[in-house]
Amino acid sequence: MTEKYIADRYELNKNLAQMLKGGVIMDVTTPEQAKIAEAAGACAVMALERIPADIRAAGGVSRMSDPKMIKGIQDAVSIPVMAKCRIGHFAEAQILQAIEIDYIDESEVLSPADDIFHINKRDFQVPFVCGAKDLGEALRRIEEGASMIRTKGEPGTGDIVQAVRHMRLMQQEIARLTSMREDELYNRAKELQVSYALVKYVHDNGKLPVVNFAAGGVATPADAALMMQLGAEGVFVGSGIFKSGNPEKRAQAIVQAVTNYTDAKLIAKLSEDLGEAMVGINEQEIALLMAERGK
Amino acid sequence: MTQTKKAPVIGVLAVQGAFIEHRRILESLGAKTFEIRQLSDLNRAPAETKSGKFPFDGLVLPGGESTVQGKLLKDLGLFEPLKKLIQDGLPVLGTCAGLILLAQKLSNDSNVYFGTLPVTVQRNAYGRQLGSFFAEQPFKGITNATDATIPMTFIRAPVVSSAGEDVDVLAEVDHKIVAVRYKNQLGITFHPELNEDTRIHQYFLKMIFSNFAIDG
């Protein structure tokens, strides 16, 4: 692979994330759910065997999904299909690339395969999205080759508090960086453990060099609107849809809330009669903090 | 572009996708832009638009997911009003998903959205993300002997598999049609909004100016 080819590939992969902006990416476990998600207006689906809430409930080691199951979902829909591999598990990522997945999520939702190293995502031609809870994590993942970032949030809880915390922290750190003197950036790069070039980019542009979505704990149209107003460029919804009373209606409502995230009147209407939201677990009640995986 | 008295006002469909990129380029070329997210936005354009006939001077349908955009257009009540504006001659630029919304027929999808552009379009014609690519090719009306190509970014792109008789084919890549013009409609399978090159947006602005018989 020539350098030009690698640079082009990375650009194309960042570009795909740009096309997903303003959209909702939904977790699905079957081709039927994938079709429901697509019909409800999902801009992409995340194919996985168990949604985070069930992974949490089941406990044990959780791994990449069966490729056959992922292929079934790829055949069922025309929108991009994403799938998760374990943090650091580059062999799982190679398998996902081999079945031509549109995006790999190197995800803390699965059990980490490596407690030190993340995948060298520059080795791959397919794009990666990674979770982050602050600017340092986001930039380290981008340095490793991620072409899209999402907040970690706390998956499978239906509790938005952590996604809010991560998004606010990231935005605060970006704002602080933009107001720094140029001669302070070298030290900031050292603190964040990333290259000067990335820090300089954020300083000059006031944003990450890749698209940044919200994820983890989004359960209602209001949650989605909250994250968009806090600066997310789109939203992942995991357990929040298919663990609720009326997945189809809730999915459609969240999609519209993301498009018109400042229109409270519309979101009020969208929030009516959605049936039961996912039960949810409060932050204090969780035994396992997935967001602490992979730094 | 020479500075004219009034800047053209262009509505950019902003229900989902890469709409900010289009706005940025059009604003850099001196146009005024606004986002269309719901029905009330159609009357949000500043009053000083060039033509009395339309509420604004041009429409951009950006890249994104056509299934999402098509659904939201209908859910938000935007579909019929926008379709009427396009049918009445409002200049429109559709890129990737935007072209799919304009197409009269989709070869691998039973949906038809505006259906105002007499072409058949094949969605995801190059396969999945691994099939996304860059190209540099001529573009009729923009490139010439000395400046032979423009950059083209294809992301899970469609192709125009057949075009009606009156449709002007503006660009091809590997013998596949990637850009067409039909009257007031400019349809492109790639993403001019992702490059620094602004010539396709300049071309669109010229369409708008000629629509109002004003010199660009």
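The values are calculated or read from the model by the stated rules, or taken from the named source; none is laboratory data. Quantities reported herein were computed from a predicted structural model and do not represent experimental measurements. Reconstructed Cβ throughout: ideal geometry from the backbone, glycine too, with neighbour counts over all protein chains shown. The protein model used for the area step is the full one, side chains on, heavy atoms only, and it has no ligands, DNA or RNA in it. Shrake-Rupley method; radii C 1.70, N 1.55, O 1.52, S 1.80 Å.
In the structure displayed, which of A:Lys152/B:Lys71; A:Lys121/A:Lys207; B:Lys84/B:Lys183; A:Lys14/A:Lys152; A:Lys35/A:Lys133; A:Lys133/A:Lys265 lie more than 26 Å apart, Cα to Cα? Among A:Lys152/B:Lys71; A:Lys121/A:Lys207; B:Lys84/B:Lys183; A:Lys14/A:Lys152; A:Lys35/A:Lys133; A:Lys133/A:Lys265, the Cα-Cα distance tops 26 Å for A:Lys152/B:Lys71; A:Lys35/A:Lys133; A:Lys133/A:Lys265. Within the stretch A:59-137, list the chymotrypsin sites (Phe, Trp or Tyr not before Pro) lying in a DSSP loop whose Cβ has at most 15 other Cβ atoms in a 10 Å radius. Sites meeting the loop and neighbour criteria: A:Phe117.
The modelled label-to-label distance between A:Ile6 and B:Thr146, using points 7 Å beyond Cα along the C-beta direction, is 3.8 nm. Distance distribution note for chain A: the fraction of Cα pairs above 29 angstrom is 29%. Per residue, the stretch A:206-295 exposes an accessible area of 42 Å² to a 1.4 Å probe, with every protein chain left in place. For the protein assembly as shown, a crude dipole built from +1 on the beta carbon of Lys and Arg and -1 on the beta carbon of Asp and Glu, taken about the Cα centre, is about 780 debye to the nearest 20. Around A:Arg122, what is the net charge, scoring Lys/Arg as +1 and Asp/Glu as -1 over all other residues with Cβ under 10 Å from its Cβ? That works out to -1. Taking B:Val12, B:Val173, B:Val160 as the candidate residues, the one with maximal mean-square fluctuation in a Gaussian network model of chain B, Cα springs under 10 Å, is B:Val173.
Taking 7 Å steps out from each Cα toward its Cβ at B:Ala135 and A:Ala91 produces label points 4.0 nm apart.
This model, with +1 at the C-beta of Lys and Arg and -1 at the C-beta of Asp and Glu, gives chain B a dipole about its Cα centre of some 440 debye. Each Lys or Arg adds one and each Asp or Glu subtracts one; over the other residues with Cβ under 12 Å from the Cβ of A:Ile6, this totals 0. In a reduced charge model with +1 at each Lys and Arg Cβ and -1 at each Asp and Glu Cβ, chain A shows a dipole moment near 280 debye about its Cα centre. Along chain A, the longest continuous region that contains none of the GluC sites (Glu not before Pro) in a DSSP loop with at most 11 other C-beta atoms within 10 Å is A:1-271. The per residue volume of the convex hull around the alpha-carbon atoms of the stretch B:158-201 is 81 Å³. Once the chain from A:Asn246 to A:Ser111 is taken as fully extended at 0.36 nm per residue, the excess over their C-alpha distance is 45.6 nm.
Chains B and A together bury roughly 2800 Å² of accessible area, counting both sides, with a 1.4 Å probe on protein heavy atoms only. Projecting the Cα atoms of B:Ala148, B:Gly58, B:Thr116 onto the charge dipole of the stretch B:11-159 (Cβ charges, centred on the Cα centre) puts B:Thr116 farthest toward the positive pole. Helical runs assigned H by DSSP (4 residues or longer) give chain A a calculated mean residue ellipticity at 222 nm of -13000 deg cm²/dmol, each run adding -39500 (n - 2.57) before division by the residue total. When B:Asp168, B:Asp57 are compared by accessible area of protein heavy atoms, the largest-first order is B:Asp168, B:Asp57, using a 1.4 Å probe. Accessible surface of the stretch B:94-162, 1.4 Å probe: 47 percent of it comes from carbon and sulfur atoms. Projecting the Cα positions of A:Gln193, A:His203, A:Ala253 onto the charge dipole of the stretch A:170-258 (unit charges on Cβ atoms of Lys, Arg, Asp and Glu, taken about the Cα centre) puts A:Ala253 furthest along the positive direction.
Assuming R0 = 41 Å, what is the FRET efficiency of A:Arg63 and A:Lys265, from their Cβ-Cβ distance, to the nearest 0.05? The calculated FRET efficiency here is 0.40.
The distance linking the stretch A:266-295 with the stretch A:26-63 is 15 Å (Cα centroid to Cα centroid, whole angstrom). For A:Asp75 and A:Tyr196, a Förster radius of 45 Å and the Cβ-Cβ distance give a FRET efficiency of 0.50, rounded to the nearest 0.05. If you run the Gaussian network model on chain A, springs between alpha carbon atoms under 10 Å, then out of A:Pro52, A:Pro67, A:Pro155 the most flexible one is A:Pro67. Our analysis of the protein assembly as shown gives Rg over Rh at 0.96, with the two radii drawn from alpha carbon positions and Rh computed by the Kirkwood formula. Surface composition of chain A: carbon plus sulfur atoms hold 50% of the accessible area, using a 1.4 angstrom probe and ignoring ligands, DNA and RNA.
I want to make sure I understand the PRE zone here: with the label point 7 angstrom from the Cα of A:Arg122 toward its beta carbon, which residues in the stretch A:188-225 have backbone N atoms less than 13 Å away? Output list for this probe position: A:195-198.
Over the C-alpha atoms of the stretch A:1-101, the Rg to Rh ratio, Rh being the Kirkwood estimate, stands at 1.00. Heavy-atom accessible surface, probe 1.4 Å, ligands and DNA/RNA ignored: which residues of the stretch B:137-168 lose at least 30 Å² versus the isolated chain? Buried by the other chains: B:Ile155, B:Arg156. If you take the charge dipole of the stretch B:90-216 about its Cα centre, with +1 on Lys and Arg Cβ and -1 on Asp and Glu Cβ, which of B:Ile177, B:Leu99, B:His201 is farthest toward its positive end? Of the options given, the answer is B:Leu99.
Averaged per residue, chain B has 39 square angstrom of accessible surface, using a 1.4 angstrom probe with ligands and nucleic acids left out. In angstrom, the C-alpha Rg and Dmax of the stretch A:146-248 are 15.7, 54.
For the stretch A:115-200, applying the loop criterion from DSSP together with a ceiling of 14 other beta carbons within 10 Å to the trypsin sites (Lys or Arg not before Pro) yields A:Arg181. Each listed q (0.09, 0.13, 0.17 Å⁻¹) maps to a log10 I(q)/I(0) for chain B from the Debye sum over equal C-alpha point scatterers, namely -0.31, -0.67, -1.21.
Looking only at GluC sites (Glu not before Pro) in DSSP loops with at most 13 other Cβ atoms within 10 Å, what is the longest site-free stretch of chain B? Value returned for the longest uninterrupted segment is B:49-164.
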